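Since the structure comes first, as structure tokens, the remarks are kept for the end.
Every number here is computed from the coordinates shown, using simple stated rules; none is lab data. The shown structure was predicted, so the numbers you read here are calculated from the model rather than taken from an experiment. We place every Cβ from the backbone using ideal geometry, glycine too, and count neighbours over all the protein chains shown.
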Amino acid sequence: MNFLEYTAPENWAGGFYELSIEYHPVGNNNKINDVLIALQNCPFFDGLWEKRDNFKKDILTLPLEIENDSVTSIYGTVLVSDEITLPCVVTIIRINEESDWLDIAIPQAILEKIYPYKYPLTSELNPWLKQVDEVLIKLAEFIYKHSPFNLAIIGEEVSGYTNHQDITIEHIKNITCLGTVSLQERLEVQGKELSNQLILF
């Protein structure tokens, strides 16, 4: 991916396909900065640019100070394969008295450009989506190793869909989730254990 492809407005149009990660309780800057440091060292993530125009230059200096009740956006790329690199925006959402959320969001416009995209965005209609899900699961697993979270969810526009306290088995039927052993026990559902006791539902 080159500068013109990365910054082209049409490649950022429309909605997003997201990995949304919850940190509860709200306000732990250390946990969020541990994620950002992990991303800087992740072999299949590149970036942490303040603006899209900073593509491939001027990496943000860490740690970040995150204000109460705020939204912070940072830009990067996710390496899906040797041939495919996808742009993404990393958004830190701090909701007072609730949770911190860190979303890694891939524009659906670029998915439409690269893949044989069919809507609705389901794996049945879009078998290639499995490849994108696999790299987002790997990314969640990599992040969890460095900064354990309460819940992660993957899907189309999933930010705000549920949280670690309200999630139900019905939610798990509709989206890909990653969580803790205690979440598995509470929901009485069997998931696949990944590294560091992270569970994939």
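Quick notes on this structure:
- Extension gain (nm, one decimal) between Ser73 and Ser195, 0.36 nm per residue minus Cα-Cα: 41.1 nm
- Relative contact order [Cα under 8 Å, 6+ residues apart], the chain, whole percent: 25 percent
- Where chymotrypsin sites (Phe, Trp or Tyr not before Pro) fall in DSSP loop in the stretch 15-54, at most 10 other Cβ within 10 Å: none
- Whole-Hz couplings from phi, Karplus 6.51/-1.76/1.60, listed for the stretch 65-81; x for Gly and Pro: 9, 9, 7, 5, 6, 9, 10, 10, 10, 9, 10, x, 9, 10, 8, 8, 7
- For the chain, alpha-carbon Rg over 2.2 N^0.38 Å: 0.99
- For the stretch 153-201 and the stretch 18-92, distance of Cα centres in Å: 22 Å
- Coil-residue GluC sites (Glu not before Pro) of the stretch 1-65, DSSP, other Cβ within 10 Å capped at 12: Glu65
- With a threshold of 22 Å on the Cα-Cα distance, the over-threshold entries among Lys51/Lys145; Lys31/Lys145; Lys31/Lys138; Lys113/Lys173; Lys118/Lys138; Lys145/Lys192 are Lys51/Lys145; Lys113/Lys173; Lys118/Lys138.
- Debye log10 I(q)/I(0) for the stretch 70-156, one point scatterer per Cα, at q = 0.11, 0.12, 0.17, 0.24 Å⁻¹: -0.35, -0.41, -0.80, -1.34
- Relative contact order of the stretch 1-115, defined on C-alpha pairs under 8 angstrom at six or more residues apart (%): 35 percent
- The dipole here belongs to the chain: it is taken about the Cα centre, uses +1 on the Cβ of Lys and Arg and -1 on the Cβ of Asp and Glu, and is about 400 debye.
- Percent RCO, i.e. relative contact order, over the stretch 117-201, from Cα pairs under 8 Å lying at least 6 residues apart: 25 percent
- Within the chain, longest stretch free of exposed trypsin sites (Lys or Arg not before Pro) [DSSP loop, at most 16 other beta carbons within 10 Å]: 119-201
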